[in-house]
Amino acid sequence: SDELAPKTLSQALEAAQAIQHEYYRAKALMALTDQLTPETLPQALEAAQATESEYYRAPALTALASHLINDSNYFSLWKGSLHFLSYRTRPDLLSDMAALAPVIFALSSDEPIEVMEAIQDVARWWP
């Protein structure tokens, strides 16, 4: 089987978090996304958010977005993520929100396109 045992997955996530170079850390996280379980998703999300460079963080967050939607606890994870991301600069926050657009769409009971357009408007008005 291609699935990692829970202990092995946890160790792999810890190893990915310990990688100093953000490019390789992000690549390691993205490689593990298909193996994530509800128990390991928060750890992977935390590792992706800890990546300072938007250039490396955005692809990692995008890779995690589909797993956030499929997790039964995704609203709680999203709420925690949004709080964490709110401490970033406006350009970084908007980039991260774009990377997590599938989660925004899943949470939106209204028109998700309108939500994303509003975010883009804010980005244009206050760069």
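The values are calculated or read from the model by the stated rules, or taken from the named source; none is laboratory data. Nothing here was measured: the structure is a model prediction, and the numbers come from that model. Don't worry about glycine lacking a Cβ; one is built from the backbone with ideal geometry, like all the others, and counts go over all protein chains shown. In case anyone asks, the SASA skips ligands and DNA or RNA and just uses the protein heavy atoms, side chains included. Shrake-Rupley method; radii C 1.70, N 1.55, O 1.52, S 1.80 Å.
Between helix 6-18 and the chain there is an angle of about 60 degrees, using the helix long axis and the longest principal axis of the Cα atoms. Residue farthest toward the positive end of the dipole of the chain, with Cβ of Lys/Arg at +1 and Asp/Glu at -1: which of 103, 75, 55? Toward the positive end, the furthest listed residue is 55.
Each Lys and Arg Cβ is given +1 and each Asp and Glu Cβ -1; about its Cα centre, the chain then shows a dipole of about 320 debye. Relative to one another, the C-alpha centroids of the stretch 76-118 and the stretch 1-69 are positioned 19 Å apart. The structure-derived value of Cα Rg over 2.2 N^0.38 Å appears in the list (i) 1.12; (ii) 1.07; (iii) 1.28 under the label (ii).
Of 76, 81, the residue with the largest accessible area leads and the full order is 76, 81 (1.4 Å probe).
Using a probe of 1.4 angstrom, how much of the accessible area of the stretch 1-59 is carbon and sulfur, in percent? The partial results should precede the final answer.
On the way: 1800 of 3520 Å².
Exposed carbon and sulfur together represent 51 percent of the surface.
Note on residue 84: accessible area is roughly 90 Å² with a 1.4 Å probe, heavy atoms of protein only. Residues in the chain average 60 Å² of solvent-accessible surface per residue, probe 1.4 Å, ligands and nucleic acids excluded. Helices in the chain, meaning DSSP H runs of at least 4 residues, each add -39500 (n - 2.57). Divided by all residues, the mean residue ellipticity at 222 nm is -22500 deg cm²/dmol.
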